[in-house]
Amino acid sequence: MKVTFIDFTKQNKDIEKEVEKGFKQVIKDASFILGKDVARFEKEFSQYCGVSYGIGVNSGTDALHLAVRALDIGPGDEVILPSFTFIATALAVSYTGAKTVFADIAEDTYNIDPQKIEKLITKKTKAIIAVHLYGQSADMEEIQKIAKKYNLKIIEDSAQAHGALYRGKKIGSSGDVACFSFYPTKGLGAYGDGGMVITQDKSIYEKVLMLRDYGRVGRYNHVVKGYNSRLDTLQAIVLSAKLKHLDQWNKMRTEVAARYCRILSGIEGIKAPTIKNDRTHTFQTFAIRVKGKRDKVCEGLKAKGVTSLIHYPIPLHLQEAYKELGHKKGDFPVSEMVAGEILSLPMFPHMRKNQVEYVCSSIKDLMKNG
Ligand SMILES: *Cc1c(COP(=O)(O)O)cnc(C)c1O
């Protein structure tokens with residue numbers, strides 16, 4: 001059997017009519033940049049998250065970059081973030097000239113370990129980036145306590161957790177500012193690049209609004225050196241259509257994950273994801289840990305027609321791009337261990353029961369005989 005990593009055929013079918021109609025109207029109106037469709041989706045998505053303001057931007061990376069800049073963070077400042085995340089979390093900080101300070105992760109959720117944050121704080125520390133990795137919220141209450149004590153800002157990198165709940169509230173609503181990606185494979189994905197910054201803070205909102213549009217106020221009055229980073233109007237139409245289905249699709253992902261967990265729990269050497277009881281997991285990524293022979297299992301699955309991927313094989317502190325920080329192997333042991341064992345299995349809302357069963361029986365076979 002062939003099981004692709006993701007298959008959004010059915011998702012695309014669900015929104016086809018609305019997207020076609022919307023695209024036709026945009027082309028007819030020739031209103032390709034910003035306009036009412038982007039404004040409407042900004043409102044829909046920020047309301048969905050339970051916050052006041054949303055600013056559509058070009059990508060999740062840009063959302064993070066503009067958020068860091070809007071907090072007036074730059075050269076001479078430090079920002080604490082997990083050593084195990086997608087590199088864009090760190091790049092956004094580096095673009096501003098601020099220094100990235102890595103913290104190790106917790107072994108159960110793979111999110112930043114709040115206990116490791118406090119000792120990294122210096123006079124230069126300005127903010128903490130909490131990444132909700134794979135679809136499950138970071139420990140926001142513990143992070144908030146630290147931020148309050150040291151007067152730090154919190155940025156939520158929510159690129160992997162659209163619609164996830166933490167203590168009954170949507171992620172993205174508890175920090176100072178939150179950043180989303182709408183890259184096609186994310187939980188809420190466009191038909192190209194896209195991102196959004198959401199916030200409750202009017203002054204952050206106004207700054208990001210300026211930054212995404214050449215730093216201007218009015219037409220020719222440029223207050224800061226801004227960027228060209230706007231959410232494409234056609235993408236806003238796709239995202240608006242998809243948002244109506246997001247909760248249902250997240251529920252379907254949870255059901256696929258539950259089936260995976262039931263079967264995988266019986267396989268020696270496999271660790272299924274841990275879901276904390278005060279939060280939901282949207283399973284943008286269904287990542288298991290494989291003791292000892294992760295790469296062999298990944299290869300073996302491929303031979304059996306199953307695509308699996310590794311998110312992420314190299315933690316940030318060991319990336320060449322960050323060699324100037326002078327880190328070495330052993331500096332963040334949990335990140336390094338997880339990077340060596342983690343394996344993402346096929347996951348999408350419409351994944352069928354027999355597909356999940358086939359992936360699991362293939363893993364069982366490889367663990368025994370591979
Ligand atoms: C995808 C992702 C980003 C970057 O988003 P892009 O839209 O690809 O720029 C940032 N952080 C995390 C955790 C991500 O998964």
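Of everything listed in (1) within 16 Å of the ligand (Cβ to nearest atom); (2) outside any loop (DSSP other than H, G, I, E, B); (3) under 27 Å from residue 309 (Cα atoms), the single unmet condition for residue 236 is (3).
Taking region 251-284 as the region of interest, how many residues are assigned to a helix (DSSP H, G or I) and touching a Phe, Trp or Tyr at 6+ places or on another chain (Cβ under 8 Å)?
Within region 251-284, residues that are assigned to a helix (DSSP H, G or I) and touching a Phe, Trp or Tyr at 6+ places or on another chain (Cβ under 8 Å) number 5.
Exactly one residue out of 230, 219, 253 is loosely packed, with under 15 Cβ neighbours inside 10 Å and basic (Lys, Arg): that is 219. Would you confirm whether or not region 112-133 contains a residue that is within 16 Å of the ligand (Cβ to nearest atom), within 16 Å of residue 79 (Cα to Cα) and over 17 Å from the mean Cα position of the chain (by Cα)? Yes, some residue in region 112-133 is within 16 Å of the ligand (Cβ to nearest atom), within 16 Å of residue 79 (Cα to Cα) and over 17 Å from the mean Cα position of the chain (by Cα).
Can you name the residue in region 72-105 that is among the small types (Gly, Ala, Ser) and in contact with a His (Cβ under 8 Å, 6 or more places away or on another chain) and is also farthest from residue 327 (Cα to Cα) among such residues? Please lay out each step first, then the result.
First pass over region 72-105, keeping only residues among the small types (Gly, Ala, Ser): 74, 76, 83, 88, 90, 92, 94, 97-98, 103.
This time we only want the ones that are in contact with a His (Cβ under 8 Å, 6 or more places away or on another chain), so: 83, 92.
Details: 83: 11, 92: 20 Å.
Only one residue fits best here, namely 92.
Picking from residues in region 281-309 that are among the basic types (Lys, Arg) and in contact with a helix residue (DSSP H, G or I) (Cβ under 9 Å, 6 or more places away or on another chain), the one that is farthest from residue 111 (Cα to Cα) is 304. For region 86-108, a residue qualifies if it is β-branched (Val, Ile, Thr) and either part of a strand (DSSP E or B) or within 14 Å of the ligand (Cβ to nearest atom) (or both), and the qualifying residues are 87, 89, 93, 100, 101, 105. If the condition is being out of contact with any Phe, Trp or Tyr (no Cβ under 9 Å at 6 or more places or on another chain), closer than 21 Å to residue 61 by Cα and of a type in the set (S, T, N, Q), then region 205-249 contributes only 229.
For the criterion of being in contact with a Ser or Thr (Cβ under 9 Å, 6 or more places away or on another chain) and closer than 30 Å to residue 277 by Cβ, residue 50 passes. Pairs please, first residue from region 60-85 and near the ligand (Cβ under 10 Å from one of its atoms), second anywhere and among the basic types (Lys, Arg), Cβ atoms under 9 Å, 6+ apart in sequence or on different chains. Close Cβ pairs (under 9 Å, with a partner that is among the basic types (Lys, Arg)) amount to 60/186; 62/212. Only one of the listed residues (305, 292, 330) is modelled with pLDDT under 95, more than 21 Å from the chain's Cα centre (by Cα) and not assigned by TED's automatic domain parsing to the domain that holds residue 171. That residue is 292. Taken over region 211-242, the residue count meeting the criterion of being under 18 Å from residue 35 (Cβ atoms) and either touching a helix residue (DSSP H, G or I) at 6+ places or on another chain (Cβ under 8 Å) or of a type outside the set (Lys, Arg) (or both) is 19. Give the residue that is nearest to residue 167 (Cα to Cα), with candidates limited to residues of region 113-148 that are touching a strand residue (DSSP E or B) at 6+ places or on another chain (Cβ under 6 Å) and assigned to a helix (DSSP H, G or I). Out of the qualifying residues, it is 140.
Considering every residue within region 9-24, establish whether at least one is more than 16 Å from the ligand (Cβ to nearest atom) and among the small types (Gly, Ala, Ser). Explain how you work it out, then say what you get.
Here is the first cut: in region 9-24, the ones more than 16 Å from the ligand (Cβ to nearest atom) are 9-24.
Now drop any that are not among the small types (Gly, Ala, Ser), which leaves 22.
Yes; the residues of region 9-24 include at least one that is more than 16 Å from the ligand (Cβ to nearest atom) and among the small types (Gly, Ala, Ser).
Contact map, region 97-119: first residue free of Cβ contacts under 8 Å to residues at least 24 places away in the same chain, second residue in a loop (DSSP other than H, G, I, E, B) and surrounded by fewer than 20 Cβ atoms within 10 Å (Cβ to Cβ), Cβ cut-off under 7 Å, separation 6 or more or different chains; pairs are 97/74; 97/75.
In the list 259, 289, which residue meets the criterion of being closer than 15 Å to residue 134 by Cα and not aliphatic (A, V, I, L, M)? Write out each step before concluding.
On the way: 259 fails: closer than 15 Å to residue 134 by Cα.
The conditions single out 289.
The values are calculated or read from the model by the stated rules, or taken from the named source; none is laboratory data. Treat the numbers as computed from the prediction; the structure is a model and nothing was measured. Note: ideal-geometry Cβ built from the backbone for every residue, glycine included; neighbour counts use all protein chains shown.
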